[in-house]
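Colleague: Take a look at the following structure, please.
The values are calculated or read from the model by the stated rules, or taken from the named source; none is laboratory data. The structure displayed is predicted, hence computed values, not measured ones. Cβ sites come from the backbone with ideal geometry, for glycine too, and all protein chains shown count toward neighbours. For accessibility, only protein heavy atoms count, side chains too; no ligands or nucleic acids. Shrake-Rupley method; radii C 1.70, N 1.55, O 1.52, S 1.80 Å.
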Amino acid sequence: MFFTTVILAIREIRRHLLRSFLTVLGIVIGVAAVVTMVTLGQGATAAVTEQISSLGANILQIRPGQGFGRGGGGAQAPDFDMGDVDAIQQQIAGVRAVAPQAQSSALAVRNAANWQTTVAGTTSQFFVAQQWELTDGRIWTPAEEQAGKAVCIIGNTVRQNLFPRTDPVGQRFRVRDVACEVIGTLASRGQGGFQDQDDTVIMPIKAVQRRFTGNRDIRFIMVAVDEAYETSSVQASIEQLLRQRRNIGPGEQDNFNIFDTRQISETLQGTTRILTAVMGAVAAVSLIVGGIGIMNIMLVSVTERTREIGIRLAIGAVAGEVLMQFLVEAVVLACLGGLIGLVLALVATLIMAPLIQVPFLFDPQINLVAFSVSALIGIVFGYFPARRAASLNPIDALRHE
Amino acid sequence: MAADPIIQLRGVTKTYGAGATAFQALKGIDLHVEAGDFVAVMGPSGSGKSTAMNILGCLDVPTGGSFRFKGVSVERLDRDQRALLRRRYLGFVFQGFNLLARTSALENVELPLLYRGEDKAKRRELAMAALDKVGLTQWWDHTPAELSGGQQQRVAIARAIVTSPDVLLADEPTGNLDTRTSVEIMELLTGLNRDAGITVLMVTHEPEMAEYARTIVHFRDGLVEKVEQVGAGVPA
Ligand SMILES: Nc1ncnc2c1ncn2[C@@H]1O[C@H](COP(=O)(O)OP(=O)(O)OP(=O)(O)O)[C@@H](O)[C@H]1O
Ligand SMILES: [Mg+2]
């Protein structure tokens with residue numbers, strides 16, 4: 001009996017194809033919009049999370065000045081020096097590794113190939129702090145580090161550009177005017193923190209200071225915090241120490257800043273999550289507008305439908321049967337619309353995800369929720385006009401204009 | 001056996017609206033119809049014929065008085081019980097056809113059977129038989145828009161008789177039709193009355209159509225003015 005009702009409902013839907021199409025259009029668009037927005041938003045969140053986590057967990061980044069760049073904190077906030085690095089290493093509890101960094105951009109040349117890249121000077125602690133593995137070769141020895149020898153470890157991008165076919169370890173190439181020997185290659189990390197992390201040449205810091213930057217300044221210190229310690233309390237002790245070393249009086253502002261990568265990551269994740277929610281909400285409004293569309297079509301066709309209800313009642317249908325028919329019709333329509341919407345959303349996200357460079361993540365939950373909501377909207381807006389008609393006297397329903 | 005009249009009205013009134021705009025369309029109708037009779041209802045426009053037919057067809061309820069159908073007091077039944085009464089015993093032909101649009105003649109005729117719970121094969125068989133009785137076998141798959149007025153009216157009649165009702169009510173079944181088609185419809189109704197023993201009540205304005213009936217009830221101003229016995233034989 002129920003099966004028959006469904007068959008009859010489908011027959012009615014096919015008989016009034018245009019009306020049915022207009023009715024479900026709102027649902028189709030609404031469902032497609034909600035699912036597309038939320039799926040893309042979740043993909044974006046995942047992408048951000050992935051990028052941030054590639055920066056390393058429990059890492060504090062210390063820079064001169066306030067905020068990124070060197071502005072603030074007096075006329076010019078001085079850079080750090082090796083003394084600061086040693087002090088942090090020796091005096092702060094809970095520090096797993098401290099790696100200074102001095103950077104310069106430079107042209108790397110080997111035979112006919114050249115490549116503009118970043119030369120980073122650091123200590124062997126860098127590889128501990130970053131938990132960055134080598135695929136081949138070795139890290140420089142303490143003696144080489146001490147002497148500032150021109151040995152280098154190259155990232156995957158540099159390797160591909162300068163050594164497309166040969167094994168780079170043991171080979172030499174020139175960075176700016178400096179001839180240096182490749183002693184190791186880094187594992188690929190890919191796009192991270194909005195730049196290509198693999199596009200780098202890493203050398204002992206002394207070599208970079210002497211031959212590239214021309215001073216003993218350290219622009220950037222990276223501190224890896226031991227997991228057993230609170231990052232925030234380690235951060236506070238470092239701040240205390242650096243204020244002292246940089247002679248900042250009480251009441252004066254810091255002329256350096258310490259960033260907790262986890263904090264950044266949480267902030268960014270929060271932001272993308274809010275964006276997803278906002279986009280989802282906008283899309284949800286379109287779903288509701290779709291529902292109102294259904295109601296409009298239902299109200300427009302209510303004269304025709306009321307007469308139909310009148311005829312059915314007059315030839316002996318009880319109100320419950322007529323309502324059941326309308327309910328099933330509304331459910332079938334809404335479900336069809338919902339399904340079409342889901343398929344559209346799937347196609348749209350598959351096309352758009354690569355374009356805006358977010359991964360495609362299929363989330364069954366949002367699909368289910370959007371589908372259920374659409375079904376509910378269809379039922380509510382399709383059923384209630386019918387219920388009013390079915391409560392009329394058959395003769396009043398027939399006379400309806 | 002002196003059976004109860006199939007239809008018995010006593011002091012039936014019907015008031016439309018309420019308060020200052022209230023209008024009494026029926027002012028106290030007394031009427032009985034024997035099973036197997038062929039009744040024509042006549043009277044000036046606005047005299048309450050359709051109102052009375054709707055009450056007889058259990059499509060509407062009287063404001064006052066009593067209506068017994070096969071001995072059952074209809075005013076005591078609820079909506080659904082009246083619907084079941086219509087489904088089981090009554091066929092109704094409306095003045096304006098009232099067929100489902102975009103729906104084939106066959107499906108229109110099948111509709112009452114659907115609510116009776118007949119299976120598909122039975123529905124088709126009975127509906128085709130009814131279409132055959134009204135002479136529309138070859139038009140079974142045409143929608144109302146593809147049928148003439150007379151053909152639509154015959155589909156409506158087929159739909160009304162497909163359940164083999166005890167009583168067929170027809171409100172101006174020939175109202176919109178030319179004389180030739182009207183005569184065809186009247187012959188159809190007469191045949192149903194004679195051969196299938198269906199009690200027929202029919203509203204008409206045309207005296208020629210009323211001549212097909214055995215009993216003519218005249219309405220005036222919401223009252224039954226007179227009841228005439230005409231035609232060859234009053235049913236036993
Ligand atoms: N739904 C309604 N609401 C208010 N008044 C109504 C309604 N239906 C009928 N009437 C009034 O009741 C009176 C009787 O109407 P009815 O339709 O029974 O007349 P009728 O005899 O069938 O007329 P006709 O021959 O023109 O069809 C008319 O005056 C009409 O205006
Ligand atoms: Mg009338």
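Colleague: Once neighbouring chains are kept in place and the probe is 1.4 Å, which whole percent of the accessible area of the stretch A:79-254 is contributed by carbon and sulfur?
Modeller: 43 percent
Colleague: How much length would be gained if the chain were fully extended between A:GLU252 and A:SER188, taking 0.36 nm per residue of separation minus their Cα-Cα distance, in nm to one decimal?
Modeller: 18.8 nm
Colleague: Oh, and also: Sequence gap at least 6, Cα distance under 8 Å: using those rules, report the relative contact order of chain B to the nearest whole percent.
Modeller: 28 percent
Colleague: Could I ask something else about it? Quick one: if the Förster radius is 25 Å, what FRET efficiency do B:GLU211 and B:LYS70 give, using the C-beta to C-beta distance and rounding to 0.05?
Modeller: According to the calculation, E is roughly 0.30.
Colleague: Taking the Cβ-Cβ separation of B:GLU125 and B:ASP195 as r and a Förster radius of 22 Å, what is the calculated FRET efficiency to the nearest 0.05? Let's see the in-between values first.
Modeller: Working: r = 19 Å, r/R0 = 0.86.
Efficiency for this residue pair is about 0.70.
Colleague: Along each of the three principal axes of the Cα atoms of the stretch A:211-276, give the extent in whole Å, ordering the values from largest to smallest.
Modeller: 45, 35, 28
Colleague: Could you grab the relative contact order for chain A? Cα pairs under 8 Å, six or more apart, rounded to a whole percent.
Modeller: About 30 percent, as a whole number.
Colleague: If the reach is capped at under 29 angstrom between alpha carbons, list the lysines near A:LYS206, excluding any in the same chain fewer than eight residues apart.
Modeller: Cα-Cα hits under 29 Å: A:LYS149.
Colleague: Which of B:LYS14/B:LYS70; B:LYS70/B:LYS226; B:LYS70/B:LYS120; B:LYS49/B:LYS70 have a Cα-Cα distance over 27 Å?
Modeller: Listed pairs above 27 Å: B:LYS70/B:LYS120.
Colleague: Per DSSP helix of 4 or more residues, -39500 (n - 2.57); summed, then divided by the residues of chain A. What does that give at 222 nm, rounded to the nearest 500?
Modeller: Only helices count here, giving -18500 deg cm²/dmol.
Colleague: Oh, and also: Take each complete run of DSSP H in chain A, measure how far its Cα atoms stretch along the helix's own axis, and keep only those covering 27 Å or more with mean Kyte-Doolittle hydropathy at least 0.5; list them.
Modeller: Counting only whole DSSP H runs, the qualifying helices are A:17-53, A:261-300, A:319-355, A:364-390.
Colleague: Distance between the C-alpha centers of the stretch B:83-113 and the stretch A:1-31? Whole Å please.
Modeller: 23 Å
Colleague: Sticking with this one: Counting only protein heavy atoms and rolling a 1.4 Å probe, how much accessible area do A and B lose on contact, total for both sides, in Å² to 100?
Modeller: Chains A and B together bury approximately 2300 Å².
Colleague: Evaluate the distance, in nm, between pseudo-label points positioned 7 Å from the Cα of A:VAL289 and of A:ALA93 along their respective Cα→Cβ axes.
Modeller: 6.0 nm
Colleague: At a 1.4 Å probe radius, carbon and sulfur cover how many percent of the accessible area of chain B?
Modeller: It is 49 percent, rounded to a whole number.
Colleague: Work out the mean other chain Cβ neighbour count within 10 Å for the residues of A:303-312 and drop it here as an integer.
Modeller: Mean inter-chain Cβ contacts per residue within 10 Å come to 3.
Colleague: Taking the Cβ-Cβ separation of A:TRP132 and A:THR271 as r and a Förster radius of 22 Å, what is the calculated FRET efficiency to the nearest 0.05?
Modeller: It comes out at approximately 0.20.
Colleague: Next up: Per residue and in Å³, how big is the convex hull formed by the alpha-carbon atoms of chain A?
Modeller: Expressed per residue, the convex hull around the Cα atoms of chain A is 221 Å³.
Colleague: Can you pull the percent of Cα pairs in the stretch A:297-383 with separation above 20 Å?
Modeller: It works out to 51 percent of all Cα pairs.
Colleague: Once you have all Cα-Cα distances for the stretch A:79-254, histogram them in 5 Å bins from zero and send the whole-percent values.
Modeller: Per 5 Å bin, starting at zero, the Cα-Cα P(r) for the stretch A:79-254 comes out as 1, 8, 16, 20, 18, 15, 10, 6, 4, 2, 0, 0 percent.
Colleague: Hey, another quick one. Suppose all protein chains stay in the model; what accessible area per residue would a 1.4 Å probe give for the protein assembly as shown, in Å²? Walk me through the numbers before you get to the answer.
Modeller: On the way: 29430 Å² over 637 residues.
Ligands and nucleic acids excluded, the result is 46 Å² per residue.
Colleague: Here's a follow-up. Heavy atoms of the protein only, probe of 1.4 Å, neighbouring chains included. What is the accessible area of A:SER124 in Å², nearest 10?
Modeller: Approximately 40 Å² for this residue.
Colleague: Per-residue mean of other chain beta-carbon atoms within 10 angstrom of the beta-carbon, peptide B:73-80? Mind dumping the intermediate values first?
Modeller: Working: counts 0, 0, 0, 0, 0, 1, 8, 5.
The per-residue average across the peptide is 2.
Colleague: Also: Rank-order A:279-289, B:110-120 by packing density, defined as the average count of other C-beta atoms within 10 Å over each peptide's residues, highest first.
Modeller: In descending order of packing, they fall as B:110-120, A:279-289.
Colleague: Give me the Kirkwood hydrodynamic radius of chain B in Å, from all C-alpha pairs, to one decimal place?
Modeller: Over chain B, the inverse of the mean reciprocal pair distance is 18.2 Å.
Colleague: Which order do the peptides A:222-230, A:201-209 come out in when sorted by mean C-beta neighbours inside 10 angstrom, highest first? Mind showing how you got there, number by number?
Modeller: Values: A:222-230: 16.8, A:201-209: 24.7.
So the order, starting with the most tightly packed, is A:201-209, A:222-230.
Colleague: Work out, step by step, the length gained on full extension between A:ALA281 and A:LEU18: first 0.36 nm times the residue separation, then minus their alpha carbon distance; give nm to one decimal.
Modeller: 91.7 nm
Colleague: Hey, another quick one. Would you mind pulling out the separation of the Cα centroids of the stretch B:1-35 and the stretch A:245-315, in Å?
Modeller: With the stretch B:1-35 and the stretch A:245-315 each reduced to a Cα centre, they are spaced 61 Å.
Colleague: Taking every pair of Cα atoms in the stretch B:1-111, average 1/r, invert it to obtain the Kirkwood radius, and report Rg/Rh to two decimals.
Modeller: Details: Rg = 15.6 Å, Rh = 15.6 Å.
We get a ratio of 1.00 for the stretch B:1-111.
Colleague: Starting from the Cα of B:ASP141, step 7 Å along the direction of its Cβ; do the same at B:THR13; then give the gap between the two resulting points in nm.
Modeller: Placing both labels 7 Å beyond Cα along the Cβ direction yields 5.6 nm.
Colleague: When Cβ neighbours within 10 Å are restricted to other protein chains, what is their mean count per residue of peptide A:316-326?
Modeller: For this peptide, the per-residue mean of nearby foreign Cβ atoms is 5.
Colleague: I would also like to ask the following. Would you mind calculating the relative contact order of the stretch A:79-254 from Cα pairs under 8 angstrom and at least 6 residues apart, reporting the percent as a whole number?
Modeller: 32 percent
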